[in-house]
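Please treat every number below as a calculation from the coordinates, not as lab data. Please read all numbers here as calculations on a predicted model, not as lab measurements. Glycine gets a Cβ as well: all are built from the backbone with ideal geometry, and neighbour counts include every protein chain shown.
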Number of protein chains: 2
Amino acid sequence: MTFRATLDLLLLDWLQADALTARPRFAEHSADTFAAVLDLSERLAQDKFAPHNRRADTEEPHFDGERVHLPEATREAVQAHAEAGLRAAGQDAECGGMQLPYVVEAASRSFFMKASIGIDAYAMLTTANANLLMAHGTPAQRTAFAVPELDGRYTGTMCLSEPQAGSSLGDILTRAVPDGAGSDADPLGPRYRLQGHKMWISGGEHELSDNIVHLVLAKVPGADGRLPPGVKGISLFIVPRWLVDADGRLTGTRNDVALAGLNHKLGYRGTVNTLLNFGEGRYPVAGRAGAVGYRVGAEGDGLRCMFHMMNEARIQVGLGATMLGWAGYEAALDYARQRPQGRPAGPAGRDPATPPRPIIEHPDVRRMLLAQKAYAEGGLALGLYCARLVDDKATGDAAVASEAGALLELLTPVAKSWPSEWCQEANSLAIQVHGGYGYTRDFAVEQYWRDNRLNMIHEGTHGIQAQDLLGRKVRAEGGRALALWQARLQDTARRARAVVALQPMADALEDAAALVTAATQAAWRGDRPDVATHNAMGYLRGFGHTVVAWLWLDLATLASQRLEAGAGDAQLLQGQLAAARYFFVRELPQVGAWLAPVIDGDDQLATLDTDVL
Amino acid sequence: MTFRATLDLLLLDWLQADALTARPRFAEHSADTFAAVLDLSERLAQDKFAPHNRRADTEEPHFDGERVHLPEATREAVQAHAEAGLRAAGQDAECGGMQLPYVVEAASRSFFMKASIGIDAYAMLTTANANLLMAHGTPAQRTAFAVPELDGRYTGTMCLSEPQAGSSLGDILTRAVPDGAGSDADPLGPRYRLQGHKMWISGGEHELSDNIVHLVLAKVPGADGRLPPGVKGISLFIVPRWLVDADGRLTGTRNDVALAGLNHKLGYRGTVNTLLNFGEGRYPVAGRAGAVGYRVGAEGDGLRCMFHMMNEARIQVGLGATMLGWAGYEAALDYARQRPQGRPAGPAGRDPATPPRPIIEHPDVRRMLLAQKAYAEGGLALGLYCARLVDDKATGDAAVASEAGALLELLTPVAKSWPSEWCQEANSLAIQVHGGYGYTRDFAVEQYWRDNRLNMIHEGTHGIQAQDLLGRKVRAEGGRALALWQARLQDTARRARAVVALQPMADALEDAAALVTAATQAAWRGDRPDVATHNAMGYLRGFGHTVVAWLWLDLATLASQRLEAGAGDAQLLQGQLAAARYFFVRELPQVGAWLAPVIDGDDQLATLDTDVL
């Protein structure tokens, strides 16, 4: 099945994205305008991104002491994407945006991620950056920085981590001090000078755009000159690579932001990744060191502003992992259909003089293909479902928005982590289907596997997602989101039972959900956060597989109904039933083993004497 | 704990390698001579291999049109290893060998694999090649080819796969025809001319040695000029890169073997991997095309000769995967002890003004370290156990040898595949412990992860191992080996029950073994090989985890006894108990889910309509 056919099925038949056009914000849209955006995205991704994905890897960014060099194809792809208006896909029409639902924007993005995740990252980060400024910046900040990002002139970054502080943002050391007299009256916002080091900055230095808008987390020292401890002291600043005037025009003055070095990565090499020095005096402004930055939002409110975007950023990471899974699946499927090797087991294959058969006929190759489909399509369902929640939260009526908001908080750690883990596994299976050829750089799959390995690390590691889920999300509002999710799951199970063939799956799903409930209760039995989250990773894995099983059963129910009604592409629907069945037979049963240490309160990880390691 | 301490514990206390010195073949050895070999190996690996592992990756082999270039450090390391006599570690003393037990040879090899798997491969392949010739070659072939391999002058390769035939060796197309008049009377053996292409040949072309001895599988055409179908028509040939005279002296004449290209791999880049053209006429011999080859063994007996070495080759692949797992574990443990980040969950960590703590204090980091230890140490136990069986098969009395031989056949697919899968996972966890740093090439762990990905592919893919285990090994001799293994497992469980704390583990192990039995019976219920192996991969995974749980329980029992007796290094023994407990709580319970489709006879993989994929 083509990816597009699956995407359309999920987006339109399952999530009923066209129903969104009934809402005022999307009233100008229709199924046709959605389709046009997807057509455009598919074509652009195919023409401008996919052909250069390998080059973006092999011609890794390099710094000649003056400039960072990227392949010309990267610039052209990023530019073409921007010129098509896609950076502003979700923005208001009056700001030049397409005013599309987020779920359609995510569907559009999926084509570019599948074609080249490393090239797409420039566009993705820039849109995220601009969206943050549109939400939290002043009108002048929007005009000066966000608008040129959205229209393609500028690009943007997110500067959170530091060499000594990755997951623990409370420990950042970058400091921002008011920039002398008049700093309060700058038209671009309260003006500061920043000093510090920012690590893992994707898109931090290049020549793809006229300017780079860094969004930087830093702390403003107190009267004693010391930085406030913890995350409450963090503020957010716009630090442009090139300074602009009050009207947002480039002044030609370089800001004091310098490249300290490039990170040379295992994968995702198309995206330049940097260590940046802010304010070390390499490019003094007005005769002195310190990077000029304009505060966004209130002092101490930086993390809240940044995390406003975090759910969407995490959904996008999950979607990226998913699309790498899809890319590998497509490659493996194609290879398995072409490559002859071996003969069937049993009497039919006993004559060695018969020609070898395509490897797709071997059961274990089918297993590997079905697994990839179940992971990649399950990940897509999860990502789009969450994207649809973003729309419901933003544009649904009060009840819909409240419920969607709660579910989104709950499901975001899963949407980020589940594809990162399992679509990585899908990429490993794609290599395996190729045999020795998959281990060479002559085939695409090894790059997908390397690229995907990042996704369990960035935007909150796997461990952080587990802590977030078990430590916060399932307990928020007295467990409201968890109850809402279980209600939806039970509704799916109820509808599935109307299809005889799906009844055992409905039972299995409810059994798994009951284990999740038991694990949640067991973890919090003593109301001790330090004990509750000791086994958070087993919880995340069990929870994640249960969530994806729920979505698979929901899809299978719809597929069964449509097959029954003779509606839709029968092969596409049969494929969904096959993947759903695979997931229930071979994946979901692992949940019990993963949740058992949580349910049993196993304390080995908490009490281990690490000297014995 | 140091690797050496663990190795000594497994080799001496657990497997009682010194007891082998009571056998005539090893009578000249003692615990001291074993220790001396390990000391030497540890030092050489540390001095000559480890410092160059990264270089062997970054300075990938390249071909300038004339020669293949490798780092000089690779040549020096390979040479130092040979000069220490280690290539002939297992050979007879009268041939210049050390006449060491195989289990000690494997222990020696483990240091080099951990230090640089890509450099070690030249030595490993050469020894395997020479061992085959010592077992199956004529005296003249041994003298001319094996002896210079063992003493360090030559290197060797194994040429099995072809571009169109990887797993299905019966489909090879390389042909060998008698080399005209007098070809029967050549002192080096029946002389043929070979033509064909051989793919994935490690060490196929380089300047590390005076000659390269290719062992090549090819078919001799019948009277009708056609190649015999299937594996029964395969013969084995020695095809040297440079021709030698009857006394084995280099003649200066190049044989007709030409490099067609290098394979550019994802990992394992220190080992040059080639496509070789045999007999295309690039280097005509006596004026005509055709690579000169000398047959080893009888015509049609090639695969048997090659597979004589296959058990050992597969154990070595598993050991290599294990040692990559160890290398990653050591790196991750070191990093986790040094790297400060975050604070404890709960009240103790609530003050952000306190300094961050080393990440080893976080439960999820401990989980990742324990998992790596359980995988790497479990893999080592498995590899050494099988190596010990090689010794028992070769030098035990008739009853011991017979039982060891049967067990070795059964366990070899597990010894090859289990570490390939789980120590790969260990390497992924090693990256995860490092966070973003683990994703850069500034740290060693990403290379281990890339290197290890090969091990599920070469020397029989993961799928082939599963077929071998369920399709052949558990049924051989009416299930004799399976019964022998279960008896040993039950003996371990019985002894474990003498330690109160281990009783639940003994129960869990026997439950898992019962599931393996049930799965075996279910698979073969209809005596239909085509049906039996449809779910072979789930079987392999369930069987593998049960085997490793058995070994962990055996080690835990010994550790408990020694702790009770106050003997040995308490931290080392406590570490084993911790890893064993981890394995039983978080790994073994998955077996049920993996075996369920086998037990239930799920037929989805067999009956799938692949058009729906």
Check your understanding: Label A:Ala565 and A:Arg494 with points 7 Å out from Cα along Cα→Cβ: what is the distance between them in nm?
Key -> 2.0 nm
Check your understanding: To one decimal in nm, how far is B:Pro51 from the same spot in the other copies, if labels go 7 Å from Cα toward Cβ? Please give the shortest first.
Key -> 4.8
Check your understanding: In nanometres, what is the gap between the two model label sites at B:Asp13 and B:Ala399, each 7 Å from Cα along Cα-to-Cβ?
Key -> 3.0 nm
Exercise for review: Please average, across the residues of B:531-538, the number of beta carbons from any other chain that are within 10 Å of each residue's own beta carbon, and give a whole number.
Suggested key: 4
Check your understanding: What average number of partner chain Cβ atoms lie no more than 10 Å from the Cβ of the residues making up B:260-267?
Key -> 4
Review point. Kirkwood hydrodynamic radius (Cα pairs, Å) of the protein assembly as shown?
Key: 32.0 Å
Check your understanding: B:Asp224 label points, 7 Å along Cα→Cβ, one per copy: pairwise distances from this copy to the rest in nm, shortest first?
Key -> 9.5
Exercise for review: Mind pulling the per residue volume of the convex hull built on the Cα atoms of chain A? Å³ is fine.
Suggested key: 182 Å³
Check your understanding: How big is the charge dipole of chain A about its Cα centre, in debye rounded to the nearest 20, if each Lys and Arg gets +1 on its Cβ and each Asp and Glu gets -1 on its Cβ?
Key -> 540 debye
Practice item. Taking a cut-off of 13 Å between Cα atoms, list the aspartates and glutamates near B:Lys48, but don't count ones fewer than 8 places away on the same chain. Key: B:Glu72, B:Glu76, B:Glu83, B:Asp120
Review point. Order of B:Thr174, A:Thr354 from fewest to most other C-beta atoms within 10 Å?
Key: A:Thr354, B:Thr174
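For segment A:3-147, build the convex hull from the C-alpha positions and give me its volume per residue in Å³. Display every interim value, and only then the final one.
Details: hull volume 16.7 nm³, N = 145.
It comes to 115 Å³ per residue, whole-number rounded.
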Review point. What is the percent of Cα-Cα separations in segment B:309-460 that go past 25 Å?
Key: 41 percent
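How big is the C-alpha Rg of segment B:567-613 next to the rule-of-thumb value 2.2 N^0.38 Å, as a ratio?
Taking N as the residue count of segment B:567-613, the ratio is 2.08.
Under a Cβ-only charge scheme (Lys and Arg +1, Asp and Glu -1), can you give me the dipole magnitude of the protein assembly as shown about the Cα centre, in debye to the nearest 20?
Roughly 220 debye, rounded to the nearest 20.
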Practice item. Within 10 Å of each residue's Cβ, count the other Cβ atoms and sort A:Asp527, B:Asp468, A:Asp391, B:Asp569 from fewest upward. Key: A:Asp527, B:Asp569, B:Asp468, A:Asp391
Practice item. Among A:Ala165, A:Asn211, A:Tyr154, pick out the residue whose Cα is farthest towards the positive end of the charge dipole of segment A:124-240, where Lys and Arg carry +1 and Asp and Glu carry -1 on C-beta, about the Cα centre. Key: A:Ala165
Review point. Which percent of Cα pairs goes in each bin when the distances of segment B:156-298 are cut into 10 angstrom slices starting at zero?
Key: 12, 44, 34, 10, 1
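Exposure proxy check: A:Arg226, A:Arg562 ranked by fewest other beta carbons within 10 Å?
Lowest to highest Cβ neighbour count: A:Arg226, A:Arg562.
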Exercise for review: Evaluate the distance, in nm, between pseudo-label points positioned 7 Å from the Cα of B:Arg350 and of B:Gln164 along their respective Cα→Cβ axes.
Suggested key: 7.4 nm
Point to revise | Inter-copy spacing of B:Gly281 label points, which lie 7 Å from Cα along Cα→Cβ, given in nm from shortest upward | key: 7.3
Study note, to complete from the structure: Total charge of the residues flanking B:Ala512 in space, meaning their Cβ is under 13 Å from its Cβ, with Lys and Arg +1 and Asp and Glu -1, is -3
Revision key, fill the gap. Counting sequence-distant residues (5 or more places) and residues on other chains, those with an amide H built under 5 Å from that of A:Glu162 are A:Met199
Review point. Roughly what angle does helix B:503-523 make with the longest principal axis of chain B, taking Cα atoms, 0 to 90 degrees, to the nearest 10?
Key: 40 degrees
Review point. Counting each DSSP H run of 4 or more residues in chain B as -39500 (n - 2.57), what helix-only mean residue ellipticity at 222 nm follows after dividing by all residues, to the nearest 500 deg cm²/dmol?
Key: -16000 deg cm²/dmol
Study note, to complete from the structure: Between B:Gly261 and residues 5 or more places away or on another chain, the pairs with built amide H atoms under 5 Å apart involve B:Leu275
Review point. Per-residue mean of other chain beta-carbon atoms within 10 angstrom of the beta-carbon, peptide A:357-365?
Key: 5
